[in-house]
1. Please go through the range 13-60 and write out the chymotrypsin sites (Phe, Trp or Tyr not before Pro) that DSSP classes as loop and that have at most 15 other C-beta atoms within 10 Å.
2. Over the chain, what number does the Rg to Rh ratio reach, with both radii from the alpha-carbon atoms and Rh per Kirkwood?
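Please treat every number below as a calculation from the coordinates, not as lab data. Remember, predicted model here, so these are calculated numbers, not experimental data. So basically every Cβ, Gly included, is an ideal-geometry build from the backbone, and we count neighbours across all protein chains shown.
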Amino acid sequence: MQPSGVLRIAANQQTTHEWWSGPRHRFSVYVSRFVIGECSAGDSAAAADRLRVLADVPLPPKAATDALHIAVAAVNGVAYLLTWNCRHIANPALRPRIESVCRKMGFEPPVICTPQELLEIDDGI
């Protein structure tokens, strides 16, 4: 896969590769049909690579939107929700509200973080 010409995106891509080839194996990882759809888009060779990485990752029962990703993770007791979606999911301004809604519904919210944040947690352990 060709890294992005945008430095920040290329760095995120590298971080993601590092996480998937290393610490990922210490976690139970799940993926939604929505993510499979997103990974199928774009350059066909890059999409094939992304789908190959996800081939052994099980799908949770349902997830079609960002809110459902969070809900499915909370309902299933997922400890970490790993995402680069910083607009709607890994958004520091939204995290308190997300956590509040999960708890109000009787569920412990997942720790929502980016691969970079999870690598930093891993480095500190």
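1. On the way: sites: TRP19, TRP20, PHE27, TYR30, PHE34; in loops: PHE27, TYR30.
Within the range 13-60, the qualifying chymotrypsin sites (Phe, Trp or Tyr not before Pro) (loop, at most 15 other Cβ atoms within 10 Å) are PHE27.
2. Numbers: Rg = 14.7 Å, Rh = 15.4 Å.
The Rg/Rh ratio comes out at 0.95.
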